[in-house]
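For reference, the structure discussed in these notes is given below.
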Amino acid sequence: QRVLRLAEMCRRLETEEEKVLPFYLSSLEEGEQRDAQRVLEETPAEPLAQVMRDYVGLERFWQRFSKVKLEEQALEREQAALREQNRRLQELLRQYLAGISVSRELLDEPNPF
C-alpha cells in the first residue's frame, strides 16, 4: 500500500513528456511482449516474487533515477575533460607570454639605435 502511494506520488511529479514518452523502447517482439504481460498478470507462487510484484509501481522511478545517474556520470567526465583542456590552454598561454615578455637583462643592455 505504501509503495503504491509512493509510485502515485512519483507519477504526479513526472513532466508531460515523461508521461507520454517511455524511457526505453522494448526490444521484445509483439509475441514476447504478450508473454511477458501474461506472466506479470499471473499470481506469483514464491514469496519473493510477490514482494517484487508489490514494487513494480516504482519501475518508472528507478528508470528515471538510473537515467539521471548516467547523465551525472557523463557530465562528470565532460567536466574532467574540460578541466584538462583548460589546464593545457593555460600552460600554452604562459609559454606564449614568457616568449613575448622582455627580460631584465635585455632592458639593462644599451640601446643599439
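Contour minus end-to-end for residue 49 and residue 91, with contour as 0.36 nm per residue of separation and end-to-end as the Cα-Cα distance?
Working: separation 42, 0.36 × 42 = 15.12 nm, distance 5.90 nm.
Value of the extension gain: 9.2 nm.
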Please compute the modelled spin-label separation between residue 63 and residue 11, points set 7 Å along Cα→Cβ, answer in nm with one decimal.
1.3 nm
So, in nm, how far is label residue 98 from label residue 32 when the simple model puts each one 7 Å beyond its Cα toward the Cβ?
6.0 nm
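Values quoted throughout were computed directly from the atomic coordinates according to the rules given, and no laboratory measurement underlies them. Small disclaimer: the values here were computed from a predicted structure and weren't measured. A quick note on method: Cβ atoms are made from the backbone with ideal geometry, for glycine too, and the neighbour counts reach across all protein chains shown.
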